[in-house]
Amino acid sequence: MTAQQAVQQATAWFDSGEFHRILARRVAQRTESQRQDRDSELQRYLQDEIGPQLIALGFTLHFIENTEAAHRPFLVAVRIEDPALPTLLSYGHGDVVFGDDENWREGLSPWQLVEEGDRWYARGSADNKGQHCVNLAALEHIFHARGGHLGFNCKMLFEMGEEISSPGLAQLCQQHGDLLQADLFIASDGPRLNAIRPTLFLGSRGAVNFRLTINARDNAYHSGNWGGLLTNPGTQLANAIASLVNAQGVLQVEALKPDSLTQQVRDILSDIEVGGMPGDPDIDVNWGEPALTPTERLYGWNTLEVLSFLTGNPARPMNAIPGEATAVCQLRFVVGTDWQNLAHHVSEHLAQHGFGYVKVEFMRGSPATRLDPTDPLVDWVLSSMAETSGKKPALLPNLGGSLPNEVFSDILGLPTLWVPHSYPACGQHGVNEHMLKSIAREGLQIMTRLLWDLGEQGEALIAKHRQHAGGAV
């Protein structure tokens, strides 16, 4: 058996309709982690869907309770062929966001896989059931192509709470580090750059949500009797926000700007063009940091967004000066940002601009991560993807969005490589979510070849990685 033959067998299996059948069964399970009445569905997905497939591949299953979120369990599956072989850790999540059944267009249901042209519609088809089904299918084909062997050790981590910010995942990795010990991490989540180019990304931007509040007084007062005499918290807060991010969307807080947009990163991003695909919104070219390209703004810089702003009663406005105003803002950031001191930096900046009365509250945050793009593992994955697809893959130093990558890169200390099987216009988290059949098919080909190569070259690849990492230190 050769690598090409293994890919051909996986492709024939996909074309037979078997992948569609498996995905249809899995998306029919209503694994909405944001609801409290889906506990049995969440448990059943791991036990009845994922577990049996991994047992058939010789994995030992460890079902682990989530101490931070009841009934949002974890599954760690382990297959050790030889302790001397390199160990791959992979990941997937079986939970989905709300189905939002009543708002899907006529003829579609979030719980039934419907094919229309190249699109497979269903909740979870793109995020993340379709993606981890691709990877499990590739693993299965390598196992059979090698006569019941992989050529490497493998561990799989599945969670059922990613859509509620992965509660307990960090604690799991801290407490079960030995069980999850590996040499490299390869998984699939998030979107490709676009539907055409296979993509490799090496981490993700971080995100911090924070609340700004002005409490001027306990009551609202008639604007005719008191206007011009009483401060208006809504007006004040609008101006305070304008001091943080200007009318062109440019971040104004110097202490929250990154130091990691190096020439090397800019060179990598020069090969990337964002937007312009069917279903993409038109990019506002004059929005954001003026000295940067749109690609650099998305993947190499920080953005401050206003997520909500509330003063008075928007549903029933009154002729009154409101007593308070509040806004929830978010900083999306790359590595090299002092995000953990965000509340201090924002408070200090506001005070310097005359808004010292604005209360700043840190709500929640997750760090940014990025594998060194010069790591030999990166070139290996890119070369394998290019050879399989016949296309030049896109390399992103990090995803524009956020994933729980820090638990793998920081807690477990692994080089992280993400190969997504979705695309930006897939409808993720919205109605009419879909996976592209063409991407799923190409993704299976890419992952089958990648895992085959790992079985052939794994020890040498890990040795090169370690040598590179040691030299970097």
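The values are calculated or read from the model by the stated rules, or taken from the named source; none is laboratory data. As the structure is a computational prediction, the values presented were derived from the model and not from experiment. Using ideal geometry, Cβ is built from the backbone for each residue, glycine included, and neighbour counts are taken over all protein chains shown. Only protein heavy atoms, including side chains, enter the accessible area calculation; ligands, DNA and RNA are left aside. Shrake-Rupley method; radii C 1.70, N 1.55, O 1.52, S 1.80 Å.
Accessible area per residue, 1.4 Å probe, Å², for region 1-105: what's the number? Present the calculation step by step, with values, prior to reporting the outcome.
Working: 4790 Å² over 105 residues.
On a per-residue basis, 46 Å².
Using a 1.4 angstrom probe on heavy atoms only, work out the carbon and sulfur share of the accessible area of the chain in %. If you can, show how the numbers build up before the last one.
Working: 9670 of 20090 Å².
Roughly 48 percent, rounded to a whole number.
Rounded, prolate or oblate: pick one for region 404-473, where a ≥ b ≥ c are the square roots of the eigenvalues of its C-alpha gyration tensor, a/c under 1.5 means rounded, and failing that, prolate if a/b is larger than b/c, else oblate.
On the way: a/c = 3.94, a/b = 1.65, b/c = 2.38.
It is oblate, given that a/c is not under 1.5 and a/b is not larger than b/c.
Between VAL96 and residues 5 or more places away or on another chain, which pairs have amide H atoms under 5 Å apart, with H built 1.01 Å from N, and which residues are they?
It is THR31, GLU32, SER33, by chain and number.
When Lys and Arg each count +1 and Asp and Glu each count -1, what net charge do the other residues less than 10 Å away from GLY323, Cβ to Cβ, add up to?
-1
Please give me the summed charge of the neighbours of ASN398: other residues whose Cβ is under 10 Å from its Cβ, Lys and Arg +1, Asp and Glu -1. All intermediate terms of the calculation are to be shown ahead of the outcome.
Numbers: positive: ARG205, ARG370; negative: none.
Cβ neighbours under 10 Å give a net charge of +2.
Suppose all protein chains stay in the model; what accessible area per residue would a 1.4 Å probe give for region 209-303, in Å²?
Numbers: 5210 Å² over 95 residues.
Averaged over the residues of region 209-303, the accessible area is 55 Å².
Could you list the trypsin sites (Lys or Arg not before Pro) in region 204-268 that lie in coil according to DSSP, counting only those with at most 16 other Cβ atoms within 10 Å of their Cβ? Intermediate values should be presented prior to the final figure.
Working: sites: ARG205, ARG211, ARG217, ARG266; in loops: ARG205, ARG217.
Of the trypsin sites (Lys or Arg not before Pro), the ones in loops of region 204-268 whose Cβ has at most 16 other Cβ atoms within 10 Å are ARG217.
Could you estimate the translational diffusion coefficient of region 145-282 from the Stokes-Einstein equation, with Rh from the Kirkwood formula over C-alpha pairs, at 20 °C and 1.002 mPa s, in whole µm²/s? Don't skip to the answer; put the middle values down first.
Details: Rh = 21.8 Å.
For these conditions, the coefficient is 98 µm²/s.
Using the Karplus curve 6.51 cos²θ - 1.76 cosθ + 1.60 with θ = phi - 60°, what ³J(HN,Hα) values do you get for each residue of region 303-320, in whole Hz, with x for Gly and Pro?
Rounded to whole hertz, the list is 10, 10, 10, 8, 8, 7, 9, 9, 8, x, 10, x, 6, 9, x, 10, 7, 8.
Whenever you get a sec, line up LEU202, LEU395 from highest to lowest accessible area (probe 1.4 Å, protein heavy atoms).
Working: LEU202 0, LEU395 25 Å².
These residues rank, largest area first, as LEU395, LEU202.
Given the Cα atoms of region 1-141, and with Rh set as the inverse mean 1/r over their pairs in the Kirkwood sense, what is Rg to Rh to two decimals? The partial results should precede the final answer.
On the way: Rg = 16.7 Å, Rh = 16.7 Å.
Using only Cα positions, Rg/Rh for region 1-141 is 1.00.
Once you have the Cα-Cα distance between ASP338 and ALA12, take 0.36 nm times their residue separation minus that, and quote the gain in nm to one decimal.
Working: separation 326, 0.36 × 326 = 117.36 nm, distance 4.97 nm.
Length gained, ASP338 through ALA12: 112.4 nm.
Just tell me the longest site-free run in the chain, where the sites are GluC sites (Glu not before Pro) in a DSSP loop having at most 14 other beta-carbon atoms within 10 Å. Intermediate values should be presented prior to the final figure.
Details: sites that count: GLU65, GLU68, GLU106.
Answer from the scan: 107-473.
Per the Debye formula with a single identical scatterer at each Cα and no solvent contribution, what log10 I(q)/I(0) holds for region 255-323 at q = 0.23, 0.24 Å⁻¹?
-1.07, -1.13
On each of the three principal axes of the Cα atoms of region 225-354, give max minus min coordinate, whole Å, ordered largest first.
Largest to smallest, the principal-axis extents are 60, 38, 21 Å.
Please list the three semi-axes, largest first and in whole Å, of the ellipsoid equivalent to the chain, using sqrt of 5 times the eigenvalues of its alpha carbon gyration tensor.
Output for the chain: semi-axes of 42, 26, 21 Å.
When the Kirkwood radius is taken over all Cα pairs of region 116-196, what Stokes-Einstein diffusion coefficient follows at 4 °C and 1.567 mPa s, in µm²/s?
My calculation gives 85 µm²/s for D.
Name the shape class, rounded, prolate or oblate, that the alpha-carbon gyration tensor gives for region 151-217, where a ≥ b ≥ c are the square roots of its eigenvalues, rounded holds for a/c under 1.5, and otherwise prolate holds if a/b is larger than b/c and oblate otherwise. Write down the numbers at each step before the final one.
Working: a/c = 3.14, a/b = 1.48, b/c = 2.13.
Oblate, since a/c reaches 1.5 and b/c is not below a/b.
Where in region 324-352 does the label zone of ASN215 land, with the point 7 angstrom along Cα→C-beta and an amide N cut-off under 12 Å?
Answer for region 324-352: 324-325.
FRET efficiency for ILE64 and ASN225, Cβ-Cβ distance as r, R0 = 51 Å, nearest 0.05? Mind showing how you got there, number by number?
Details: r = 62 Å, r/R0 = 1.22.
It comes out at approximately 0.25.
Give, in nm to one decimal, the length gained when the segment between ASP410 and LYS464 is fully stretched (0.36 nm per residue of separation minus the Cα-Cα distance).
Details: separation 54, 0.36 × 54 = 19.44 nm, distance 2.03 nm.
Between ASP410 and LYS464, full extension yields an extra 17.4 nm.
Using a ≥ b ≥ c from the Cα gyration tensor of region 322-473 (square roots of the eigenvalues), is it rounded, prolate or oblate, where a/c under 1.5 gives rounded and otherwise the larger of a/b and b/c decides, a/b for prolate? Mind dumping the intermediate values first?
Values: a/c = 3.55, a/b = 1.71, b/c = 2.07.
Oblate, because a/c is 1.5 or more while a/b does not exceed b/c.
Keeping every protein chain present and rolling a 1.4 Å probe, give me the accessible area per residue for region 146-192 in Å². Write down the numbers at each step before the final one.
Details: 1400 Å² over 47 residues.
On a per-residue basis, 30 Å².
Just give me a number: lysine pairs in the chain, eight or more positions apart or cross-chain, with C-alpha atoms less than 22 Å apart.
Numbers: LYS129/LYS155; LYS129/LYS437; LYS155/LYS464; LYS257/LYS359; LYS391/LYS437; LYS392/LYS437.
The result is 6.
I'd like the Karplus ³J(HN,Hα) series for region 321-336: coefficients 6.51, -1.76, 1.60, θ = phi - 60°, whole numbers in Hz, and an x wherever there's a Gly or Pro.
Those phi angles translate into 7, x, x, 8, 8, 9, 9, 10, 10, 9, 10, 8, 9, 9, 4, x Hz.
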